[in-house]
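All of the numbers you see were taken from the coordinates with simple rules; none came from a lab. Because the structure is predicted, anything quoted here is derived from the model rather than measured. When we count neighbours, we look across all protein chains shown, and the Cβ atoms used for this are built from the backbone with ideal geometry, even at glycine.
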Amino acid sequence: MRLLLALLAIPAFAADYSLQLTPDNTKIDWTLGDVLHTVHGTFRLKQGTITFDPDTGKASGQVVVDVQSGESGSGARDHRMHANVLESAKYPEAVFTPDRMEGKLSLDAPSAVKLHGTFRIHGAAHELTMDVQAKPGPGLISADITFHVPYVAWGMKDPSTFLLKVNKTVEMTIHTAAPLQKPAS
């Protein structure tokens, strides 16, 4: 009986694919609007692996972002962002841990899926769903991944002042063209 169960479990493990995200193949952009203009910036990826089964939707891995790398092009604004909002000296990383995909990720054609998991930022874990627009290519998957971070609701300081009101949510976009590791035959 145990042998039969072990043999039945093999196909489930054999269907796992993985994507290796690196600082060289991944770009992270953020956008924060206010009443006068929109601020754009970037973060750097430290490392990332996403393992998934396109048939079952099961996902795992970790995507680690260097919070201290965040920048907007304004030294004064970036200093306030790191010291007062992100507290990046105390919380230097943000980590997304996927657990499942909603929708069908095609390995042959463009597809749209939702990637669900836990996002740990500023010392707390939050449920998060990311929208993924994926396009397979030779040996890789290109993807544009978007999500929103309601930073004030998640316990970070609102940088708004009496005269300047900023949105309470940051729009995030991850662009990647990551190598696709196929399961062993």
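Some notes on this structure:
- Entry note, the chain: the mean residue ellipticity at 222 nm calculated from DSSP H runs of n ≥ 4, each adding -39500 (n - 2.57), is -3000 deg cm²/dmol after division by the residues and rounding to the nearest 500.
- Label-point gap, in nm, between Glu102 and Lys157 - each point 7 angstrom along Cα→Cβ: 3.5
- Ranked by how many other beta carbons lie within 10 Å on average, peptides 20-27, 131-138 from highest: 20-27, 131-138
- The long axis of helix 2-14 is offset from the longest Cα principal axis of the chain by roughly 50 degrees.
- Nearest-20 debye value, the chain charge dipole, Cβ charges on Lys, Arg, Asp, Glu: 220
- Label-to-label distance, Thr169 versus Asp34, with points set 7 angstrom from Cα along the beta-carbon direction: 2.0 nm.
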